[in-house]
Amino acid sequence: MKTFPRRQELQALVRYYRRLQNEHHRAAPESAARRRIEDKLLDVRQQFDRVLEEWVPEEELRRAWQEHIHSRAPEPDGPPEIRPLVFAGRSDVTGSVVEIRGKQAEELEVTVDGAPIERIDADEDFSITVPPARYRLNDNEFLEVFTASPEALQALAEFPGIERQSPPWEYAAELLADGLIDTNFALAPRGRRALATMGAVR
């Protein structure tokens, strides 16, 4: 996945909710059509609440979106889209950090210390699940590092430790940004390497 446009997801749900509200106002009272629209409104609200709960960790921003859909308050500016990492590494020689993310359909973008350096073929093998992963750029070798917080990594390592345990959604945004999970909370190859590094392979 190249990007996860969280704000656009919320915008789309709000637009659909508003359209259903308009249809609901026009539908005849007590009609079957009005009841069907009410069911759709409930479904959209539940989906909206789920996106907020799972992908917007900032409480103030969640409140602002709730006020936007409930009370037509101004639309919040965030949250920004997430561009998951495919690889991040640090050079022991220079201390520089390389980050590799999806760019186009068959391209990955390579940045060093935040500056775009090159694009590489997406066939470059970052699908390994056994650490350590390395990336060589010119004469520099970058050893993989992980940017998610220790708390997020620990929560990922402990899931699923209990049958029917809910994923630790409070860490979902940072785990996705670090390229450790997908939007369904399934482990990505980089996530498997992170857990193996911690000694928590599953």
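The values are calculated or read from the model by the stated rules, or taken from the named source; none is laboratory data. Treat the numbers as computed from the prediction; the structure is a model and nothing was measured. All Cβ positions, glycine included, derive from the backbone under ideal geometry; neighbour counts span all protein chains shown.
Is it fair to say Pro84 is in contact (Cβ under 8 Å) with a residue 60 or more places away in the chain, loosely packed, with under 14 Cβ neighbours inside 10 Å and touching a Lys or Arg at 6+ places or on another chain (Cβ under 9 Å)?
In short, no.
Can you tell me which residues in the stretch 1-46 are within 17 Å of the chain's Cα centre (by Cα) and part of a loop (DSSP other than H, G, I, E, B)?
Met1, Lys2, Thr3, Pro5
Given the residues Leu175, Leu195, Leu156, which is the only one that is of a type outside the set (Ser, Thr, Tyr), in a helix (DSSP H, G or I), modelled with pLDDT of 95 or more and surrounded by 15 or more Cβ atoms within 10 Å (Cβ to Cβ)?
Leu175 is the lone residue from the list that is of a type outside the set (Ser, Thr, Tyr), in a helix (DSSP H, G or I), modelled with pLDDT of 95 or more and surrounded by 15 or more Cβ atoms within 10 Å (Cβ to Cβ).
Residue by residue, here is whether (1) part of a strand (DSSP E or B); (2) within 22 Å of Arg134 (Cβ to Cβ) holds:
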| residue | (1), (2) |
| --- | --- |
| His68 | no, no |
| Pro74 | no, no |
| Pro79 | no, no |
| Val86 | yes, yes |
| Gly89 | yes, yes |
| Thr94 | no, yes |
| Arg101 | yes, yes |
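Condition check: loosely packed, with under 12 Cβ neighbours inside 10 Å and among the β-branched types (Val, Ile, Thr). Does Val130 satisfy that?
yes
Which ones in the stretch 39-80 are under 21 Å from Leu176 (Cα atoms), of a type in the set (A, V, I, L, M, F, W, C) and free of Cβ contacts under 8 Å to residues at least 24 places away in the same chain?
Leu61
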